[in-house]
Structure formats: structure tokens, C-alpha cells
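What follows is a single structure, written as C-alpha cells, with notes after it.
The values are calculated or read from the model by the stated rules, or taken from the named source; none is laboratory data. Only a predicted model underlies this, so the values are computations on that prediction, with no experimental measurement involved. Neighbour counts are summed over all protein chains in view; Cβ atoms, including those assigned to glycine, are modelled from backbone coordinates with ideal geometry.
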Amino acid sequence: MADYTSNLASSRPRPDGMGKVTGALNYFTDLQFPNMLYGKVLRSEHPHAKIQQLNIEKAEQLPGVLAVITSKDVPGLNGFGLITQDQPVFCDQVVRYVGDAVAAVAAITPEIAERAIKRIEVTYEPLPIMDDPESAMNPDSTPLHSGGNILHEASYENGDVDEGFPLCDVIIEETYLLPRQMHAYMETEGGVFVPERDGRLSVYAGTQHGYKDRLQLARILNLSEERIRVISSPMGGSFGGKDELNIQPYGAILALKTGRPVKIHQSRRESMISGIKKHPMKITMKTGAKKTGEIVAHEVRIIADTGAYATLGPAVLDFAVEHAIGPYVIPNVKTKGYAVFTNNGVAGEFRGFGGNQITFALEGQIDRLADDLHMSPLKLRKKNLRQGTDPGPVGQMIAPTNGDSLVLDEITQSPLLALDKRDSDNPWKKTGVGVALTMHGGGLGFGRMDPSGGKISLNHEGKIEIAFGFEEVGQGLLAVIENITTEAIGCSSEDLHIVIGDTDKVPHSGSSTASRGTSMIWHSLQRLKGPFKEKLLDTAAKRSGYQKEQLCVGEKGIWLNGQRILTFEQLFLENEPISIDTKFDFPTTPNSIPGGHFLYSFAAVAVKVEVDLITGAIKVTDIDQAVSAGPVVNPNGYIGQIEGGTIMALGYTLLEEAAMQQSRYTTENFDTYILPTIQDIPPKMNVRAIEDLWEGDMYGPRGVGEIGTVALAPAIVRAIYDATGHWVTKLPVSREEILHAREMVF
Amino acid sequence: MIEKVKVNSQRINISFTVNGEQQQLQVEATKRLVDILREDLSLTGAKISCEIGRCGACSVEVDGELVNSCLMRAYQLNGKSVYTVESLSENGLHDIQKAFLEEGGFQCGYCTPGMIMAVKTLLEKNKKPTDEEILDALSGNICRCTGYAGIIRSVKKVIQAI
């Protein structure tokens, strides 16, 4: 009996709901413009090769083709990347992965564009392929970029592991292998690029940071930022995958060159080969504890396959290094990580941001230690857990929090953990349970520009206009804005006009990433509400003759003793605009640790699995989880983020891998890249939100976009061990491995 | 003008109904139903995502059956009756749409039109489906956002109200 519960009441429908359930909402890939052309990008045939010749003549000659562009047509910088612009818009000398762009066309139909692409002649001289990060790290390897193949190194050291390990009674050393996961947003990259009559360019394409796209496009197009308008919301999912530029440079150049609107919508195959992915990682951990359960030493080595270009590879590695000890206190720690260039698919930002990989390894270590110590895994975790005012995982000052302890205590009560293993009467089905815990930083962290802000004003229609430079990727940001604003101002949702995702209309709020949106909207309203209400009441007092102190802001206007005396519309005056904006930075730790976080959220997950010993199939039958991320802003959104994140993590654990051989994808669509369907989800899930914050905490609700994706994988693997006695170290869990283990165990 | 390009696929006349309205079109014989809906009829509720019939984002109802409109072609459409998500809210929101709104049955919304059509086709045939029948009927529609729990809550809400 399917049963999905939580401790939260259901909330009112979200503002973008009507358009979505009726199908009336236009996504950018639904848009049509008069005279619109269709663009298509030619990607590399090889993972690594020299371009010897590139001939576009035959493509240009095809009737219906209006433009064929290559590196020669890039007006400005032939490069992009959120931090380092090392990815060519068009390659003209060397291609470094199968997603590298070589040319693009615009034609009057998609079919003609496709045919034109096939007429572009490129002669390549294949170069040796670097598909293994460890070989690529070797100093003798051919460098893919001028700085060598190690894109980034990060480390953290505390105490002395060499002194710590000899004190340990039990030491676990294990290597964990994590796969390349695809975001698999249902709407692939796409949009329309429109040259406007005034010479400006309008870009209708999904992203997670409109202003950053504008900056990147300005460099590429050699235009001032003001001449570009980026309309960036809504979109059909992103999960971190659309934060980096994708098709925008091609659409933009084609539109400017032809003077006509150009639409590009990547096919799933194009999306797969060119889109960024989650970092595959190889993580080796050596962890030692005393008989008492006290963890004494922890040594970690991380090798992240970052693919051909940088994008956010360094930041993802920093995040993994930071979270390598999670919420535990370990006196001797040595963590070393490398993000390494290869000819594989580009890895970058992905919901969880390195936390998924490192937590899988860390929690695996804790479980194995508990087993060797004959101690309950919960007890071992509790024993080594940080206390509320302890520093963060890299010794940095963080906002005091006991979220880890709250979620752990909550999950200890889970009925799953009282499971009677004899409940299965089928000898070929084994059941097991597992628990895992995680701590996840929000915001970009120390040393990374992380400004935010918002703007509130009374507009000419008498609506309270609240504007943020964020995007609605599906996460429910609009509902968060609606809930926080109506509560802060005291107006109703009908009084609001929410503006997001349009660089011509919104203030700078930073990116819609890193679980920062909800948090930043709340912080903005804390700053905006006082001065804005003050201005409204000043005006109302002037207009009505009543004392300001007698008045209050309420539904549809200004109220006096339970009666509305002025509507918002009556308050609006062209020459006396009421408008307040705010700018501030996401709170970070004061300690100078690159990427070090200050605000964290927590989750503890208990799962029950059923292992089929005949087929090797793993069925997750129950997931129970506790989440600590501060007050809940929008219950449906919160539950949806946790449930959805959890099932994305279930795919990561059991099904999904964007596998490559010789740096070529061996899967190019959903027939072989297997996503969880409705048949794969457990019949029971429960989400318990713990809203308490540390006494005196002034930082409000934390975002929950990522926290639901982190702790499931280690919990499932522990449950498989509980059922079979076999420890899995590589994801996704292979059925063959389970069958092989069956032979070994029984 | 180079714009008058002959597309070298044979054009045929087809006659079928979409959301109850008769349509006479001259299109290439191999044109996909999803493109006919989106380009010729401006019905963009059916979405394009995998184009190989694996994700269900383009699901519509054809003669009472759920169909991936990326797999059906113009030459197969004569005399057929097609319903898209746009038909559901012609007289106010359908109960399925209301339930999706209230129970968090969607997030990004891109799979939602197809998912809602899958629920509609199920409930037209079977007013009180079991859990197993619900899972079976929706197993061809992928949602990457919700983890399906909100979708199942929505479907159950509709069934309870019937």
C-alpha cells in the first residue's frame, strides 16, 4: 500500500501551478517567433584530436541555410566557464571531448539544419585518449591544458594521522567508486535568441544565474552587458546542470549574424554528450578507532574525474574535502583531493556538489568501523558527533547548530530499525536495514563572491512587486517568495507581483544554486520589510490624516481598527515611488578556508531493502528520514525537495551511470541511461522536518534543495550488507556483484 | 528567396480530431504527431524530451489509449481522435489537475501534461485502480523532480473523490 507521509500539513498551490497542470505554461523551448530559424551545433567526432581541416562550404551552399559559424565568427572571447573560461565556444585546433563544438548552423527548418551539419567536413588527427584520471595525473602524461592535467588540488590537515593510527584498535581502509550521474532534467538545453530592433539581444534560455550568463555572453559577443537581456525562467529542471553555459553562445552568435530569431533545442543525445555531469570519484579512506568507539584518525584521498574543462570542478572538490569528516569530531585528519582533467565528459555542478560522493565513503567507513567494533552504528555515530558549538568540519567557525544530533535522535526512533528480520518467509529474499547521516553546507562558501539581494516596490497597478534575480527551475522558488513576502509584509498573495529571471527587471541576487535561494529570500525580506512598511504607512498617514502608529499593512491595503481605509492602488503615486532594495552577502565563516561554509543543514536516513538472491535485484521498500534545515517555508515544496532528491539518490545508488568507454558515452538516451520510474520507488516514505534552530540563531530557513540527495546511498549499502553480509563499494550497485556475493556468502 | 525549399518527404492529407475539433491538414507523411500538435496546431502541452518513447513527456490520448506522440506519425492519424492536456481545462480545472495542484504532483512541470494524460487514460478505464494498477499505468512517464510520491498522493486523492 503506497504511503507517503510527513509531519507537515499540505500547503496552498504554488503560484506557477495553474500553468503547469494545464500545459499552458510556455517553456523557452515552446516559443515560436516570426521568421525564426533553427540552430544546430556540430560536436566533435573524437574525444581527443587535432583539427586538421574544417570546411563549411558545402553546408553554406545548402538552400535554406542562413549561417554556418566557426571559431572565426566569435566576436569576442572564444571561451566560457563560470570561473575559468577554458572551454572554447568553438574548437579550431584541438578537441578535448566528444561534446566539444566545432561549428554551428542556422537554417529555416530543423531538418535542413541537420543536413547542413552533416555537410560540414572536418578532418581530425586522433590523439591518444586520456580516460583515466590517475594516469592523467602522471607527470609524463600529455597535458590537456597548459597548466597540466591537475586542475585543482585541495587539502585539509588537522592533528597528525601518523601519530593517530598507532593508537587505534580497529582500522578500516577502503576505496569507494562513484559513477558519473546525469542530471536528466526533462527539458534538455534550449531556447530562443532574438535580435531586437534597438540592436540589443534577448536571450530566452534556462540557466541558474541570469546575470552570470549575461556576463559570459557579453565577453563572447564583445557586447556591453547592458545590450544583452537574459530571460532565464522558467525551465524544465536543472539540478545544477544548466548553471554553466550550454547552447547560449551558439544561439546568440547565430542570431546576431543572421539578424533573425534562432531557436536551439538539443536532442537528448546532444544533451548527453555535451552536458555536464556529476563528478566520478575514487575515494580512498583509512579510518581508525579505539575499542571504546572513539574515532582517532582519518586519512582521505579523493580523485575526481573533472573531464575536459574546469567549470566548477575546483569548487566541487573543495566541497568534498570540506565534508570529508562530516559531522564527526576526529582529532587527526589528513585529506587530499585532486580534480583531474581527462578526455571524458565534463563534470561540474550537480545537486549535492561533491557531498554525495564523500558522504558515501565516510558513512561507509563509520558502518564498517561499527561492525568491527561490534557496536551499533547509531551508537558509534552518536559517540563521535560534534556538539552544538563545535567548529565545522575543517575547523572553521560556523553558526552553532545541533541539527546533526536532532536528526540522529529522531531517526533512532524510526520503526524501521526495530525490523524483525524473520518477516520474510521467502528464503530467496533477504531484508536488511541501514542508517546514514549527513551534514551539508549552504551557499558558495568563504572566498567566493556570494552577494545577494532583492527589491520590493509598490507598482502602478497597486501590486506589491517583489523582485529577485533568481530562477524557477522547478524547485518551488516562487512559492517560497510568495510565502515569505506575504508573511513579512502582511499582505495577501493576490497583492503580490513576483518578478524573477529577467536581467532587465530584477536586482542581483546571485545564483539559484547551493541551497541558497530560500535562505537569501528570507534574509532579503528581513531587511526589506521594516523600511518598506514604514514607507507605506508614512504615505498612508499623509494621505488619510490618521496617525501612522494607528495604521497597519494588511490584505489589499492599509488598515485601521479592523477596517481597510486605503487600497494599495490608492497609495501609488507616480512622483512618489515607494521602493526599497537591499544588498548583502551570504553569511560565510570568518576563517579563510576556500569554500568553507557557515550554515549547514542535516539529514538522517533509515532504509529497508529487500535483496532478491535469484536476480540480484535490490528493492528499497521503505525510507524514513529526518531533516534539520530550520523553519519550513512551504510544506509541499519542502517535502517535494526531500522526496524528489531522495529518489534521484536512489537512481544514483541503484540504476544510473553515464558510462564511458575510451572517453565515448556508451549510453545516449533513456533506453540505456536508466532513471527511476514510478515502479522503482519504495511503497513507503516518511519525511520528518525538524524546524528547531540553535537558541539565538538569526539565519532563518536553510534551503533543502540538496540535503535529501546525500545520505541515501550509504544507508542502502549498509542495508544490503545487513541483508547479505556483503559490502558494496561501487555505485551503482551491480546485480552481478550481488549474485557473485551470494555465491561467496551462502 | 532561398526560403522556398522543397522538403523531400511526401505530403499527405489527413483528417482527424484533436480535442473534439475536426482537423484537415496537409503534412509530410512521416511528420510526428508531437510536431503536428506543437507546430501546426500550437498545442505545446505535449513536450519533447527523449524522442524514443521512453519518457512519456509527449503522452497524449489517441482513441482512448495513452500514446507517446513522438512515436506516432501523420500517416497513422487518419480518422483518429486525439486528446491533449489542453482539453482537460476547457471548462475549468479537471479533478486530476486540482489534485496535482494540491498534493505537489509536479515541480518543474515539464513531465506534468504527459503524466496527467496518463492518469486520465487510466481513470477513464478504471475508476478504482489498485496501487499496482496505478504504478503500471504511470510507469512509462518519467518525472525527475518529485520522486513520484506527490504524484501518487495526487492520484489517490482523485480516486477517493470518485
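Filter the stretch A:170-197 for residues that are in contact with a Pro (Cβ under 9 Å, 6 or more places away or on another chain) and within 14 Å of another protein chain (Cβ to nearest Cβ) and give the result. Once the filter is applied, which keeps residues that are in contact with a Pro (Cβ under 9 Å, 6 or more places away or on another chain) and within 14 Å of another protein chain (Cβ to nearest Cβ), the stretch A:170-197 yields A:Q181, A:V192.
Among the criteria (1) crowded, with 24+ Cβ neighbours inside 10 Å; (2) within 14 Å of another protein chain (Cβ to nearest Cβ), the one A:H209 does not fulfil is (2). I'd like the full set of residues that are part of a strand (DSSP E or B), assigned by TED's automatic domain parsing to the domain that holds A:E270 and more than 30 Å from A:E656 (Cβ to Cβ), limited to the stretch A:158-203. Within the stretch A:158-203, A:V192, A:F193, A:V194, A:P195, A:L201, A:S202, A:V203 meet the criteria. Restricted to the stretch A:86-108, and to residues there that are surrounded by fewer than 20 Cβ atoms within 10 Å (Cβ to Cβ) and either of a type in the set (A, V, I, L, M, F, W, C) or under 28 Å from the mean Cα position of the chain (by Cα) (or both), the residue that is farthest from A:E668 (Cα to Cα) is A:D86. Across the stretch B:89-117, the number of residues qualifying as over 17 Å from B:I162 (Cα atoms), more than 7 Å from chain A (Cβ to nearest Cβ) and either touching a His at 6+ places or on another chain (Cβ under 7 Å) or among the hydrophobic types (A, V, I, L, M, F, W, C) (or both) comes to 2. Among the conditions (1) away from chain A (no Cβ under 14 Å); (2) closer than 18 Å to A:T22 by Cα, B:L77 misses just one, which is (2). From the list A:G469, A:G474, A:G441, A:G462, the lone residue that is assigned by TED's automatic domain parsing to the domain that holds A:A713 and either surrounded by 19 or more Cβ atoms within 10 Å (Cβ to Cβ) or in contact with a Leu (Cβ under 9 Å, 6 or more places away or on another chain) (or both) is A:G441. From the list A:V687, A:V633, the one residue that fits, being buried (at least 22 other Cβ atoms within 10 Å of the Cβ) and more than 10 Å from chain B (Cβ to nearest Cβ), is A:V633.
Here A:N246 clears all of (1) outside the structural domain of A:M375 (by TED's automatic domain parsing); (2) out of contact with any helix residue (DSSP H, G or I) (no Cβ under 9 Å at 6 or more places or on another chain) except the condition numbered (2). Among the numbered criteria (1) closer than 24 Å to A:G447 by Cα; (2) part of a helix (DSSP H, G or I), which one does A:A310 miss? It fails just one condition, (2). If you go through the stretch B:41-70 and keep only what is among the acidic types (D, E) and closer than 25 Å to A:E270 by Cα, you end up with just B:E51. Taking A:I681, is it over 29 Å from A:R516 (Cβ atoms), in the same structural domain as A:V733 (by TED's automatic domain parsing), of a type in the set (A, V, I, L, M) and assigned to a loop (DSSP other than H, G, I, E, B)? For A:I681, the condition - over 29 Å from A:R516 (Cβ atoms), in the same structural domain as A:V733 (by TED's automatic domain parsing), of a type in the set (A, V, I, L, M) and assigned to a loop (DSSP other than H, G, I, E, B) - is not met. I need a count of the residues in the stretch A:263-279 that are under 13 Å from A:A308 (Cα atoms) and crowded, with 23+ Cβ neighbours inside 10 Å. Selection size over the stretch A:263-279: 4. Selection of the stretch A:469-497 for residues being closer than 19 Å to A:F28 by Cα and either without any contact (Cβ under 8 Å) to a residue 40 or more places away in the chain or not in a loop (DSSP other than H, G, I, E, B) (or both) yields A:L477, A:L478. From the list A:H440, A:H523, the one residue that fits, being within 30 Å of A:I358 (Cβ to Cβ) and part of a strand (DSSP E or B), is A:H440. Is it the case that A:I83 is among the β-branched types (V, I, T) and either buried (at least 18 other Cβ atoms within 10 Å of the Cβ) or within 14 Å of another protein chain (Cβ to nearest Cβ) (or both)? Answer is no for this residue. Look at (1) in contact with a Ser or Thr (Cβ under 7 Å, 6 or more places away or on another chain); (2) facing chain B (nearest Cβ under 10 Å); (3) crowded, with 18+ Cβ neighbours inside 10 Å; (4) polar (S, T, N, Q) and you find that A:S628 fails only one, number (2).
One residue alone among A:G644, A:G640, A:G651 is in contact with a Cys (Cβ under 6 Å, 6 or more places away or on another chain) and not in a loop (DSSP other than H, G, I, E, B), and that residue is A:G644.
Sub-8 Å Cβ pairs linking a first residue in the stretch B:92-103 that is of a type in the set (D, E, K, R) to a second residue that is at pLDDT below 95 and in a helix (DSSP H, G or I), at least 6 apart or interchain, are B:D95/B:A161, ordered by first then second residue. Within the stretch B:21-43, if we keep just the residues that are assigned to a loop (DSSP other than H, G, I, E, B) and more than 11 Å from every other protein chain (Cβ to nearest Cβ), the residue that is surrounded by the most Cβ atoms within 10 Å (Cβ to Cβ) turns out to be B:L41. Which of the residues belonging to the stretch A:666-681 are in contact (Cβ under 8 Å) with a residue 60 or more places away in the chain and more than 9 Å from chain B (Cβ to nearest Cβ)? Of everything in the stretch A:666-681, those that are in contact (Cβ under 8 Å) with a residue 60 or more places away in the chain and more than 9 Å from chain B (Cβ to nearest Cβ) turn out to be A:T667, A:E668, A:Y673. If the condition is being over 22 Å from A:N669 (Cβ atoms), part of a loop (DSSP other than H, G, I, E, B) and more than 8 Å from every other protein chain (Cβ to nearest Cβ), then the stretch B:44-64 contributes B:D63, B:G64. Among the residues of the stretch A:518-526, is any modelled with pLDDT of 95 or more and more than 15 Å from A:T582 (Cα to Cα)? The answer is yes, given that some residue of the stretch A:518-526 is modelled with pLDDT of 95 or more and more than 15 Å from A:T582 (Cα to Cα).
All of A:A713, A:A723 fail the test of being under 19 Å from the mean Cα position of the chain (by Cα), more than 14 Å from A:S628 (Cα to Cα) and not acidic (D, E), apart from A:A713. Taking the stretch B:118-162 as the range and being within 12 Å of chain A (Cβ to nearest Cβ), surrounded by fewer than 20 Cβ atoms within 10 Å (Cβ to Cβ) and of a type in the set (G, A, S) as the test, the residues that pass are B:S139, B:G140. Considering only residues in the stretch A:2-24 that are facing another protein chain (nearest Cβ under 7 Å) and under 16 Å from A:T646 (Cβ atoms), the one that is surrounded by the fewest Cβ atoms within 10 Å (Cβ to Cβ) turns out to be A:A2. Within the stretch A:26-74, if we keep just the residues that are of a type in the set (G, A, S) and away from chain B (no Cβ under 11 Å), the residue that is farthest from A:A107 (Cα to Cα) turns out to be A:A49.
In the stretch A:141-153, is there at least one residue being in a helix (DSSP H, G or I) and surrounded by fewer than 18 Cβ atoms within 10 Å (Cβ to Cβ)?
No - not one qualifying residue is present in the stretch A:141-153.
For A:S10, indicate whether it is under 26 Å from the mean Cα position of the chain (by Cα), at pLDDT below 95 and either over 24 Å from B:E39 (Cα atoms) or charged (D, E, K, R) (or both). The answer is yes for A:S10.
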